[in-house]
Each structure stands twice: as structure tokens, then as C-alpha cells.
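The values are calculated or read from the model by the stated rules, or taken from the named source; none is laboratory data. Note that the structure is predicted; figures quoted are calculated from it, not measured. Neighbour counts run over all protein chains shown; Cβ positions are idealised from the backbone, glycine included. These area figures cover heavy atoms from the full protein model, side chains too; ligands, DNA and RNA do not enter into them. Shrake-Rupley method; radii C 1.70, N 1.55, O 1.52, S 1.80 Å.
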Amino acid sequence: QVQLVESGGGLVQPGGSLRLSCAASGITFSLYAMGWYRQAPGKQRELVAQSSSDGGTNYADYVKGRFTISRDHAKNTVYLQMNSLKPEDTAVYYCNAHRFLSAYWGQGTQVTVSS
């Protein structure tokens, strides 16, 4: 059974930082592309950052220079370090594991950026 368990969300002031974690089980972690998506109220889910199985990364333009995705293969965990947070970063953040036609989602973790 595949499980993706996110943690690390919360309330932070503008300009602050958070680190999200996603622990994966039930998959061969090194073979999967791992990504972070987010969904704000009334909006579609959108890609934030992705780490491919070969180590490449890509980011949405609106987080470049502020967010960093990384993965720890020993812990089967992918991270999203979020710095210089803005109110518009407020959303539920979801972890995703993807390989060919297989895709799995975590349950999501709320990030709220507000003073």
C-alpha cells in the first residue's frame, strides 16, 4: 500500500519560512519523480516544484529563488523548503509521486501566510 504523509505546514508571517516533509512508503522511492503541488481556495491545483528520479528539479516561476525541493533517499522523504513566504502562498500543499502511468497523492498540509 502506497502512503505519502506530509507534515510541516502551519501559520507563518509574511517573510517567514517553513519546511514541508513528505515521507513515502510502498514505492521504490528512487524510481519516482516527487513533486509538491498546491491548491488555494477556489483555484485549481498547480505544480510548485518537482524532483525527477535522475536528480533534476524544476520550479514554478512564482517560487523560483524562494523555494527549494530536495529528497533524502535514505529516509524516502522529499522536502520543500519555503523561504520569503507571501500571503499568496497560502494553500493546501500536496505531495505527489509519479512514475509512468502511476501517480499517488498525499492528504495535504495547510500553509497559511498571514500577519
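Observations, loosely collected:
- For the range 74-87, the Karplus equation 6.51 cos²θ - 1.76 cosθ + 1.60, evaluated at θ = phi - 60°, returns couplings of 5, 9, 6, 10, 10, 10, 10, 8, 10, 10, 6, 5, 10, x Hz by residue, with Gly and Pro reported as x.
- Candidates L80, L101, L20, ranked by Gaussian network fluctuation over the chain, Cα under 10 Å, top entry: L101
- Which of A40, T57, A23, positive extreme of dipole for the range 10-65 (C-beta unit charges): A40
- By the Stokes-Einstein formula, at 1.306 mPa s and 10 °C, the chain with its Kirkwood radius over alpha-carbon pairs has D equal to 113 µm²/s.
- Three-way shape call for the range 28-84 based on the alpha-carbon gyration tensor, with the a/c threshold at 1.5: prolate
- Over all other residues within a Cβ to Cβ distance under 13 Å of D54, the charged ones net out to +2, with Lys and Arg as +1 and Asp and Glu as -1.
- For the range 101-112, 3J(HN,Hα) per residue [Karplus equation, 6.51 cos²θ - 1.76 cosθ + 1.60, θ = phi - 60°, Hz, x = Gly/Pro]: 8, 9, 9, 10, 10, x, 7, x, 9, 7, 10, 10
- Aspartates and glutamates with Cα under 18 Å of K64, excluding same-chain neighbours fewer than 8 positions away: E46, E88, D89
- Within the accessible area of the range 58-106 (1.4 Å probe), percent carbon and sulfur: 52
- Short-range pairs are left out: with C-alpha atoms under 8 Å and at least six residues apart, the relative contact order of the chain is 36 percent.
- Sequentially through the range 10-21, phi angles give Karplus couplings (6.51, -1.76, 1.60; θ = phi - 60°) of x, 9, 9, 7, x, x, x, 10, 9, 10, 8, 10 Hz, Gly and Pro residues having no value and appearing as x.
- Only Lys, Arg, Asp and Glu carry charge here, each on its Cβ (+1 for the first two, -1 for the last two); on that basis the range 11-70 has a dipole of about 200 debye about its Cα centre.
- Straight Cα distances below 16 angstrom link K75 to the aspartates and glutamates E6, with same-chain residues fewer than 8 positions distant left out.
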